[in-house]
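Novice: First the structure, then my questions, so here it is.
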Amino acid sequence: MPETPTPAVTPALDGRAVIDGRRVEAADGRTFDCLSPIDGRLLTTVARGGPADIDAAVAAARRAFEDRRWCGQAPAARKRVLIRLAERLLAHADELALTETLDMGKPIRYAKSVDVHSAANCIRWYGEAVDKIYDEIAPTPRTALALITREPVGVVGIIVPWNYPLLMAAWKIAPALAAGNSVVLKPSEKSPLTALRLAELALEAGLPPGVLNVVPGYGPEAGSALALHMDVDAIAFTGSTRVGKQIHVMAGQSNLKRAWTELGGKSPNIVCADCPDLDRAVEAAVSSIFFNQGESCNAPSRLFVEASIKEAFLEKALALVPRYQPANPLEPQTIMGAIVDRIQLDTVLRYIEQGQAEGARLLAGGQAVEPVPGGCYVQPTVFDGVTNTMTIAREEIFGPVLSVITFTDLADAVRQANDSIYGLQAAVWTRDLNKAHAVARALRAGTVHVNQSDEDDITVPFGGFRQSGIGRDKSLHALDKYTELKTTWIRIDDPLSA
Ligand code: NAD
């Protein structure tokens, strides 16, 4: 097997679970292989968690919650631990970034500058927020006082996908822990390593044992055991719409645990002829669909472009495509890395074949390539002549495939943009303020961008309408998922008004 560049740090790549503050093998000793999509090499073996391991982790989380070792601490004390954890992440940024790149194939430059830094920022932000949030007193008659307070839900199960493994975990564990919950996290079997390391760093930062447990394993084994568990109070899930629906069913079948789901997307990006800066619109359209190898839930995969600028737009877009030829993600200049595994690579290639079979015109890419032998890579791919009824416009591909749909009537473009089971994100490009407002209002999506397509900040909520999920990550709104609202009535017999 060819050598990849020697990294500056050597991550431990420990695949054992973290339960009750200790590294442990699966109860039945089973493991699975963790392969790198960069070149197919075996990175390590990982504990194959199942119901017994989930039981042990939930029991540890429950004990931690009941004896109040974390939820009983003052918000300012929880803040200090979370800020220390954010600092630990930054101190280990090279190691975490390398682990993430080896595990799921994203370019090392983004693993560090985006994933690790954003995860640390998220954890710090919720830490800083938690001692600045006040509860409410209701404007009731003076004969009583009604306190409206937020309490932690209890034991929170968290299931995350493989595309931003550390960051998706951070988006959920940070508000859950800030609110005082205990957590059992199940990372994706395709990229479990940084979540396991996160739990160790949390212990080093002073999080009491049992408060954050991480059980790796397969979805139908460890994941469903968590979603069905009778002693889990809430389940927060990020992943596909298909599995998200099962999560809600499992919540209902078991103990009616609160279920929150952040699911798939098929985001429309509408570029009008009066777009204020065509070069910027082209750059954004191309970079956003190819970022993270197209493995982003909010990737603007449906490009609606007005007919009169279509040719100019495509000429500029195709000139940018060669930049995104996949390369070894461990090289610092690489901007498109490996697809997470062979299964996902085959899925992407199947969609490309189907696009051609249904009559879309392949303008660029379409092939698997091997810049590193044994790895999983696909060329950046652009289809023209797509209609919104084609499979490649309706289903989430989760790969670097852009579908270009031409429009002449803006109202019809908006109607088509909304004609999707998803509603995660959308964008419109126009210099006409009235048009921008009207289209932004009409688009059925959790986030709408105007004249840009990738702005992002921890202060704003992220999540979808319709089958893109229920609930929001990020911002103070995320705390709603990890807290119960309690009303406490206190009778007031006012001696002064007797
Ligand atoms: P997936 O649904 O296959 O898996 C997600 C997680 O669920 C994994 O940990 C998996 O092991 C687990 N799982 C699978 N089957 C399960 C079951 N029966 N019971 C319980 N858990 C189960 O999704 P994926 O392929 O890992 O990730 C890609 C998907 O995630 C895409 O659809 C993408 O749009 C979505 N995503 C959404 C957001 C968002 O914020 N909306 C963010 C990132 C990714």
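The values are calculated or read from the model by the stated rules, or taken from the named source; none is laboratory data. Predicted model, so just to flag it, every value in this text is computed and none were measured. All Cβ positions, even for glycine, are placed from backbone atoms using ideal geometry, and neighbour counts span all protein chains on display. Side chains included, ligands, DNA and RNA excluded: accessible areas come from the protein's heavy atoms. Shrake-Rupley method; radii C 1.70, N 1.55, O 1.52, S 1.80 Å.
Novice: For Val378, list long-range residues whose amide hydrogen, built 1.01 Å from N in the peptide plane, is under 5 Å from its own amide hydrogen.
Specialist: Close amide H contacts, sequence-distant or interchain: Ile339, Val369.
Novice: With angles folded into 0 to 90 degrees, how steeply does helix 193-204 sit against the dominant principal axis of the chain? Use alpha carbons for both and round to 10.
Specialist: 30
Novice: Next question, about the same structure. Please give the peptides 281-287, 98-104, 413-419 ranked by average Cβ packing (other Cβ atoms within 10 Å per residue), highest first, as a rough proxy for protection. Numbers along the way, then the final one.
Specialist: Details: 281-287: 21.1, 98-104: 27.9, 413-419: 19.3.
Packing proxy ranking, top to bottom: 98-104, 281-287, 413-419.
Novice: Further, regarding this structure: Starting from the alpha-carbon convex hull of segment 156-265, give the projected area averaged over all orientations, in nm². Spell out each step's value before the answer.
Specialist: Numbers: hull surface 24.8 nm².
Dividing the Cα hull surface by four gives the mean projection, 6.2 nm².
Novice: Let me make sure I get this right: for the chain, a, b and c are the square roots of the gyration tensor eigenvalues over alpha carbons, sorted descending. Under 1.5 in a/c it's rounded, otherwise prolate if a/b > b/c, else oblate. Which is it? Please list the in-between numbers first.
Specialist: On the way: a/c = 2.03, a/b = 1.29, b/c = 1.57.
Because a/c hits 1.5 or more and a/b fails to exceed b/c, the chain counts as oblate.
Novice: Helix 51-66 versus the longest principal axis of the chain: what angle, 0 to 90°, nearest 10, using Cα atoms?
Specialist: Orientation of helix 51-66: about 50 degrees from the principal axis.
Novice: Place +1 on the Cβ of every Lys and Arg and -1 on the Cβ of every Asp and Glu in the chain, take the dipole about the Cα centre, and give the residue among Pro268, His229, Ile148 whose Cα lies farthest towards its positive end.
Specialist: Value computed over the given set: Ile148.
Novice: Angle between the Cα long axis of helix 165-178 and the longest principal axis of the chain, 0 to 90 degrees, nearest 10?
Specialist: The two axes meet at around 30 degrees.
Novice: Ok, one more. What residues have an amide H closer than 5 Å to that of Ala259, excluding those fewer than 5 places away on the same chain, when H is modeled at 1.01 Å from N in the peptide plane?
Specialist: Ile235
Novice: All other residues with a Cβ under 14 Å from the Cβ of Ala393 taken together, and with Lys, Arg as +1 and Asp, Glu as -1, what is their net charge?
Specialist: On the way: positive: Lys266, Arg302, Arg361, Arg394, Arg415; negative: Glu358, Asp384, Glu395, Glu396, Asp419.
With Lys, Arg at +1 and Asp, Glu at -1, the neighbours total 0.
Novice: If you don't mind, there's one more thing I want to ask. On the full set of protein chains, 1.4 Å probe, figure out the accessible area of Lys486 and give it in Å² to the nearest 10.
Specialist: 90
Novice: While we're on this one: What does the C-alpha gyration tensor say about the overall shape of segment 1-145? Classify as rounded when a/c is under 1.5, otherwise prolate if a/b is larger than b/c, or oblate.
Specialist: Values: a/c = 3.09, a/b = 1.66, b/c = 1.86.
Oblate shape, in that a/c is at least 1.5 and b/c is the bigger or equal ratio.
Novice: At 1.4 Å probe size, with every protein chain present, just tell me what the per residue accessible area of the chain comes to in Å². Mind dumping the intermediate values first?
Specialist: Details: 19860 Å² over 498 residues.
Ligands and nucleic acids excluded, the figure is 40 Å² per residue.
Novice: For Val183, which sequence-distant residues (separation of 5 or more, or a different chain) have an amide H within less than 5 Å of its own amide H, given hydrogens modelled in the peptide plane?
Specialist: Sorted by chain and number, the residues that satisfy this are Val156, Leu212, Asn213.
Novice: So how far apart, in nm, are the two label points at Asp274 and Asp412 if each is 7 Å from Cα heading toward Cβ?
Specialist: 2.0
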